[in-house]
Structures are given as C-alpha cells and as structure tokens.
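The values are calculated or read from the model by the stated rules, or taken from the named source; none is laboratory data. Nothing here was measured: the structure is a model prediction, and the numbers come from that model. Using ideal geometry, Cβ is built from the backbone for each residue, glycine included, and neighbour counts are taken over all protein chains shown. Ligands, DNA and RNA are excluded from the accessible area calculation, which covers all protein heavy atoms including side chains. Shrake-Rupley method; radii C 1.70, N 1.55, O 1.52, S 1.80 Å.
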Amino acid sequence: SAVISQKPSRDICQRGTSLTIQCQVDSQVTMMFWYRQQPGQSLTLIATANQGSEATYESGFVIDKFPISRPNLTFSTLTVSNMSPEDSSIYLCSVEDQGAGTEAFFGQGTRLTVV
Amino acid sequence: AQSVSQHNHHVILSEAASLELGCNYSYGGTVNLFWYVQYPGQHLQLLLKYFSGDPLVKGIKGFEAEFIKSKFSFNLRKPSVQWSDTAEYFCAVNGGGSYIPTFGRGTSLIVHP
C-alpha cells in the first residue's frame, strides 16, 4: 500500500491567481495521477505524471492551465493557474502499482474554492 | 472507451436495512472492477475488487459485490447497514491493458441511526 500526503487540504483563492497543490508519497512510484472531483460528479482524470518526462493530459485539460511537476519518484505538484470560480473543485492525487488491476491509492484531496 | 454508471446517486436508509448499490460498465473486454468508499473527511479507500475467479467478492466491513458478466454489472451489497456506513461509494473499472480506472459518479449513502 501507499500513504499519500496532499496539501493544502483546502484553500479559498481569488480569481485570476494560481494555487499549487503538493503530493508526497511514502514510497517510490512510477506513475502518479491527478484527478478533479466536481460537486455531484465523478472523479475525472486530469493528467498522468511520470518522473522525468512531461505529463500526459486528458482531453479537456491543458498544460498551460494545469502545469504539473514530477521531480522525483515520490513527489508531484499540480498548479491550477489563472483560476476562475469554475475551477472550484476537489483535486486528488493518486498512485497505483504498475499493472492492470491493481488498486489505486488516494490523497485526502484539496478542496479549492475560487471567489 | 470505458464508462461506468451508478444509478443511485443518493440513498437514505435506516440502520439494519439491506443495501444494494447498482454499477454497470460498458466495455467488452476483460475488466477489473472496484468499489471505493470515502467516509466523511477521509481518503478514498478500496472496499473490494474483482480481478478473476469467484464472481462473488467479499470486502471489508461486511460488504460484498457480485460480478455478472452477462449484465456488465458489479453491484455492491450489504445485508445490514450501520450508521458508520454513511459515506460516498464509487464504482470503478479498468481493463484493456490500461490500469487507469474509470469511475462512476458516486452514490451518497446516509444511514440514520
């Protein structure tokens, strides 16, 4: 199993500003994932972050809006840039052991409110 | 592409009532199926999973789920719920060589004492 620490746990931000969310894992993992969970909706994958390469973004998400860093095998950051109220959501960091079928482990999430 | 449908978005039960949460997926190949639970203020965590073998899977806290391939379903059940089962429940699936899960939109369960 993996223990994931995510911070901040919540924040209220002004529109037009940026917020960087940090994700720290207690073991080395190849793949890290960032999800968004909007109110009443499912978890939506934003991007997959590999160490040493650029993140792979899902349809509807772009690097300019959600830049991701992955400096080593235990850490990643997601920045929500130039925020608007529509970015208000819960952002989740996740890791999995490689291989289909293995379970995902999640951070506690960052509840972001943009005013 | 995979998709997951959870038909019950909000469920309210009294303690000792039986629970069944529906989950259907769309994908024709081999799949792995999961139920995750998020208790208030806590992380998402795995409740149970199906990879292969016995289609009736037992999980933590008395939960079970049955994989019915012909119906593309993986419904979650518990014979007698407790107040502490109040949580958000997510069905998820991966397969086709991808280990990235696709999640349903979740079911909010409230159990009244």
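Tabulated data
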item	result
Single residue of A:ARG111, A:ARG70 found to be in contact with a strand residue (DSSP E or B) (Cβ under 6 Å, 6 or more places away or on another chain), within 12 Å of chain B (Cβ to nearest Cβ) and charged (D, E, K, R)	A:ARG111
Residues within region A:21-48 that are without any contact (Cβ under 8 Å) to a residue 12 or more places away in the chain and within 13 Å of B:PRO101 (Cα to Cα), tallied	1
Restricting region B:1-58 to residues that are of a type in the set (D, E, K, R) and away from every other protein chain (no Cβ under 14 Å), the residue that is most open to solvent (accessible area, probe 1.4 Å)	B:LYS58
Spans of strands (runs of 3 or more DSSP E) in region A:1-88 with at least 2 residues surrounded by 17 or more Cβ atoms within 10 Å (Cβ to Cβ) and modelled with pLDDT of 95 or more	A:19-25, A:31-37, A:43-50, A:75-80
Filtered residues of region B:65-108 (kept if away from chain A (no Cβ under 14 Å), assigned to a strand (DSSP E or B) and charged (D, E, K, R))	B:GLU66, B:ARG77, B:LYS78
Residues that are open to solvent by less than 40 Å² (accessible area, probe 1.4 Å) and out of contact with any Leu (no Cβ under 8 Å at 6 or more places or on another chain), drawn from region B:60-101	B:SER73, B:ASN94, B:GLY95, B:PRO101
Residue list for region A:89-115, filter: hydrophobic (A, V, I, L, M, F, W, C), outside any strand (DSSP E or B) and at pLDDT below 95	A:ALA100
B:VAL111 open to solvent by less than 10 Å² (accessible area, probe 1.4 Å), more than 10 Å from chain A (Cβ to nearest Cβ) and under 21 Å from A:GLU103 (Cβ atoms)	no
Positions within region B:1-23 being of a type in the set (Val, Ile, Thr) and more than 15 Å from B:TYR36 (Cα to Cα), in sequence order	B:VAL11, B:ILE12
Qualifying positions in region A:49-89 - without any contact (Cβ under 8 Å) to a residue 60 or more places away in the chain and of a type in the set (Ser, Thr, Tyr)	A:SER53, A:THR56, A:TYR57, A:SER59, A:SER69, A:THR74, A:SER76, A:THR77, A:SER88, A:SER89
Residue count for region B:2-59, restricted to those that are more than 14 Å from A:ALA104 (Cα to Cα) and touching a residue at least 60 places away in the same chain (Cβ under 8 Å)	24
Region A:73-108, residues that are among the aromatic types (Phe, Trp, Tyr) and within 14 Å of chain B (Cβ to nearest Cβ)	A:TYR91, A:PHE105, A:PHE106
